[in-house]
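Let me begin by presenting the structure, written as structure tokens, before commenting on it.
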């Protein structure tokens with residue numbers, strides 16, 4: 001662990017910085033830290049992990065906790081920049097130098113000195129390099145406390161059951177922070193309503209709120225005007241490091257997530273094949289998730305799409321465009337034997353989870369809406385359209401066109417993703433593109449989910465396209481006619497249904 005840096009080259013230990021003057025709320029997390037680290041007769045080192053996506057306020061919560069209880073409960077507080085092994089080494093050598101632990105300051109001498117003391121708190125901030133790295137630098141013995149912040153939930157292997165995910169702020173505390181940061185003292189109804197709209201657009205992410213507040217305060221613009229700017233120039237505003245806010249975080253909101261993707265890309269290009277394949281899978285999933293609904297993303301969607309893709313290879317199709325042609329084995333996680341590779345899919349999921357770019361709830365995954373927005377904003381326009389199309393094609397391929405064995409639960413799960421993707425398709429100016437297999441399958445989904453107006457729209461499009469291209473008497477046209485008739489029945493449009501049913505029977 002010893003570094004080769006000489007004593008004269010070690011910069012002095014910087015004083016612990018205060019929390020943001022605009023810090024607001026977060027009482028749940030502060031109470032959890034208070035309960036865990038309050039002085040008790042415990043015979044082992046107390047450990048706690050705060051994990052969550054970048055910009056969510058983990059560091060600020062730690063700083064506020066130290067301000068509230070640091071001097072009361074701890075004889076010493078050691079703040080460690082845990083972003084890499086080198087930064088940890090440097091911080092420990094700075095500690096050894098400050099307290100004159102050894103004539104030649106080293107991380108080993110610092111850790112030994114700390115382990116001989118009691119009632120200390122060591123904070124490993126931004127520990128995103130894996131739990132093994134942190135374990136390597138935890139002082140021996142049973143004294144003191146360890147507080148860790150990380151994007152990676154996997155650091156819970158260091159803290160045991162004592163961990164808590166930091167999520168976005170509640171609306172009320174988000175509004176409070178925004179008004180503080182923007183230095184707006186007006187609590188009128190109009191201001192509150194405008195603030196509600198803005199914090200919703202910002203996803204109640206503390207870093208984004210602080211950044212927006214700094215912009216408004218420094219530029220002298222009002223909430224409504226900033227919201228208008230945000231709707232037109234979101235990517236530029238969220239990437240601008242000039243308006244970092246009072247937290248003095250070294251990255252902009254988009255910047256803190258961009259470094260995650262750059263690291264994943266770096267791994268994808270690496271020589272470690274397992275790590276490289278996992279990172280490549282993560283990048284595929286990241287781009288697809290950006291064009292789905294934020295909640296209830298299921299691995300079942302990918303598995304079904306992969307299996308149906310293989311089955312559909314030999315089927316005959318009509319001459320209309322088919323979105324299945326947009327898919328490939330890599331996107332669907334098919335191995336060389338054309339079986340769905342669940343391990344490769346999970347490897348990609350694991351990478352995204354380790355950077356808190358997604359969350360998991362059992363076998364369902366979710367993405368913060370602002371992360372989805374950033375994911376789309378960072379793509380070139382052409383790539384954005386391609387990713388939207390591919391996500392839509394995957395959703396369509398996940399549906400088995402079997403009217404006798406309908407999976408009602410799966411259709412209910414799929415419907416919100418199709419709706420969300422359609423909204424993005426409109427934004428990408430893909431609204432006029434027609435794929436016959438999509439319309440037929442999405443019509444089935446919405447009919448099953450009870451969204452008959454949407455089903456009618458899709459069934460009508462399919463019927464018109466097939467009548468125009470295939471002819472009125474083509475079997476696929478008659479199938480579309482029967483589907484639309486069934487939808488009319490569900491809507492109570494008896495005359496329209498009867499008219500189509502007669503045409504089908506007479507054909």
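Across all directions, the average flat footprint of the convex hull enclosing the Cα atoms of segment 17-56 is 4.1 nm². For the chain, the longest principal axis of the Cα atoms and the long axis of helix 299-312 meet at an angle of about 40 degrees. Both the radius of gyration and Dmax for the chain are 27.7, 99 Å, in that order, over alpha-carbon atoms. The protection proxy used here, the mean number of other Cβ atoms lying within 10 Å of each residue, ranks peptides 460-468, 398-406, 115-123 as follows, highest first: 460-468, 115-123, 398-406. Of all DSSP-defined beta bridges confined to the chain, some 25% are antiparallel rather than parallel.
Work out the P(r) tail for segment 305-455: percent of alpha carbon pairs separated by more than 24 Å, whole number.
Details: 4316 of 11325 pairs.
Here the tail beyond 24 Å accounts for 38 percent of pairs.
What the Kirkwood sum gives for segment 296-348 is a hydrodynamic radius of 11.9 Å, with every pair of different alpha carbons counted.
Please tell me the relative contact order of the chain in percent, rounded to the nearest whole number, where contacts are Cα pairs under 8 Å and at least six residues apart. Present the calculation step by step, with values, prior to reporting the outcome.
Numbers: 760 pairs, mean separation 59.1, N = 507.
Worked out over the chain, it gives 12 percent.
Per-residue ellipticity at 222 nm, computed for the chain from helices alone with -39500 (n - 2.57) per DSSP H run of at least four residues, works out to -18000 deg cm²/dmol. The packing ranking, built from the mean of other Cβ atoms within 10 Å per residue, places the peptides 415-421, 358-364, 22-28 in the order 415-421, 22-28, 358-364, highest first. In angstrom, the C-alpha Rg and Dmax of segment 263-344 are 14.5, 44. Helix 436-449 against the longest principal axis of the chain: what's the angle in degrees, Cα atoms only, rounded to the nearest 10? Its long axis makes an angle of about 80 degrees.
Against the empirical 2.2 N^0.38 Å (N residues), segment 171-251 has a Cα radius of gyration ratio of 0.96. From the alpha carbon centroid of segment 408-430 to that of segment 385-402 is 9 Å. For the chain, the longest principal axis of the Cα atoms and the long axis of helix 253-268 meet at an angle of about 80 degrees.
Taken together, the values in this text are just the output of simple stated rules run on the coordinates, not laboratory data. This structure is a prediction, so every number in the text was calculated from the model and none was measured. Cβ: placed from backbone, ideal geometry, glycine included. Neighbour counts: every protein chain shown.
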